[in-house]
Amino acid sequence: MEDRRAYAFHYFIRAAILCGFSFYIVYLVKTGSMPHYLAPRLVPYVKASAIALFVLAVIQIYLALQPAAGKEPDCGCESDVRKSKLSHSAAYSLFLLPLLLGFLLPDRVTGSDIVQVKGIQLNTSSLQTQRNASPQDDPPKKELSSGGTSQGGEDTEEARLKEMFKGSRFTEDYAKLAMRLYKNKTILIGDKGFMEKLTAVDLFAGNFAGKQMEISGFVYREDGMPKNQFVVARLTMQCCSADASPYGVIVEAPGADSYLKDTWVTVKGTIRKSVYEDKDVMKLEGAVIQKIKEPSSPYVYPYAGDFADLGK
């Protein structure tokens with residue numbers, strides 16, 4: 001009889017834990033906090049898991065009620081209920097602790113907090129670790145003929161761009177993206193395709209020197225930076241918040257020191273090549289800075305569409 005009650009007690013505890021995780025997922029969805037933890041492509045699976053967890057909780061409750069109906073557990077695979085209370089408490093705490101932390105801790109961490117831990121990446125082209133041929137930074141430029149609007153002129157312009165943006169077999173897609181971006185008067189680095197566009201510009205920073213670029217993010221300032229500089233940064237997420245990585249661009253402008261850490265801004269400036277801590281980096285010079293409202297999600301994600309559509 002005591003074993004029956006013990007089995008019922010443990011079934012109810014397990015049901016409570018399963019319901020807790022299910023309700024926590026619902027809470028994240030209802031409050032719009034899910035993007036702080038997962039990439040959008042995974043959210044449907046997590047929503048489905050909330051339903052599955054709730055169903056399992058109902059099954060646990062059903063099993064808990066079987067002893068009350070005078071039925072013994074019909075499976076010999078149950079854990080021994082005669083283990084010490086300390087042993088059971090330790091096992092259940094492994095599930096209860098993260099659940100409690102999820103409800104009690106704030107849903108978001110400031111961008112600078114993550115940068116302090118992981119460090120800022122100012123050279124996005126370093127993502128292309130497999131490339132074995134670097135693109136030319138300052139290739140010779142051909143003069144355009146006066147008939148630029150003719151078919152021949154268009155062919156000449158296209159040929160010049162192909163000469164400027166030569167990539168290896170590992171960076172060919174980025175070279176084509178760089179060609180499309182170069183045709184724009186202002187290169188807009190928005191949330192859509194953030195890392196892909198920034199990488200394309202960084203790979204061919206010499207060619208983009210003098211072009212205007214606009215980018216939004218939070219202000220991050222490293223120790224020892226000049227007063228007229230800060231980094232406009234974003235957090236990139238591949239799968240979940242655990243793999244979040246900070247990337248950014250140095251901004252140089254009068255009055256840059258008046259913008260506090262973690263202030264969200266839109267920056268528009270001229271692309272220049274620079275050196276920071278003995279590394280070749282890109283910076284925005286003479287930037288115009290405007291404060292903006294913090295977005296609902298601080299993260300940007302890999303572009304899931306057709307790569308050929310970016311930059312158009």
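Computed from the coordinates by the stated procedures, all read-outs in this text should not be read as laboratory data. Predicted model, so just to flag it, every value in this text is computed and none were measured. A quick note on method: Cβ atoms are made from the backbone with ideal geometry, for glycine too, and the neighbour counts reach across all protein chains shown.
Numbers below:
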{"read-out": "Cβ charges +1 (Lys, Arg) and -1 (Asp, Glu), total dipole of region 190-312, debye", "value": "380 debye"}
{"read-out": "Extension gain from Leu260 to Asp243, taking 0.36 nm per residue of separation minus the Cα-Cα distance", "value": "3.5 nm"}
{"read-out": "Cβ-based net charge around Thr270, under 13 Å, with every Lys or Arg adding one and every Asp or Glu removing one", "value": "+3"}
{"read-out": "Extension gain (nm, one decimal) between Ser33 and Asp113, 0.36 nm per residue minus Cα-Cα", "value": "27.0 nm"}
{"read-out": "Cross-link partners of Lys261 among lysines (Cα-Cα below 26 Å; sequence separation of 8 or more within a chain)", "value": "Lys118, Lys192, Lys197, Lys227, Lys273, Lys279, Lys283, Lys291, Lys293"}
{"read-out": "Packing-based ranking, highest mean first, of 116-122, 91-97, 234-240 given that Cβ atoms within 10 Å are counted", "value": "234-240, 116-122, 91-97"}
{"read-out": "By average C-beta atoms within 10 angstrom, highest first, the peptides 244-254, 45-55, 22-32, 280-290", "value": "244-254, 280-290, 22-32, 45-55"}
{"read-out": "Net lengthening on full extension, Val55/His88 (0.36 nm per residue, minus Cα-Cα)", "value": "9.5 nm"}
{"read-out": "Spin-label pair Asp309/Ile292, simplified geometry with 7 Å Cα→Cβ offset, distance in nm", "value": "2.1 nm"}
{"read-out": "Pairwise Cα inverse-distance average, inverted: Kirkwood Rh of region 220-312 (Å)", "value": "14.8 Å"}
{"read-out": "Options Pro246, Gly311, Gly286, ranked by Cα towards positive dipole end of region 236-312, top entry (Cβ charges)", "value": "Gly286"}
{"read-out": "Alpha carbon centroid spacing (whole Å) that separates region 204-246 from region 251-271", "value": "11 Å"}
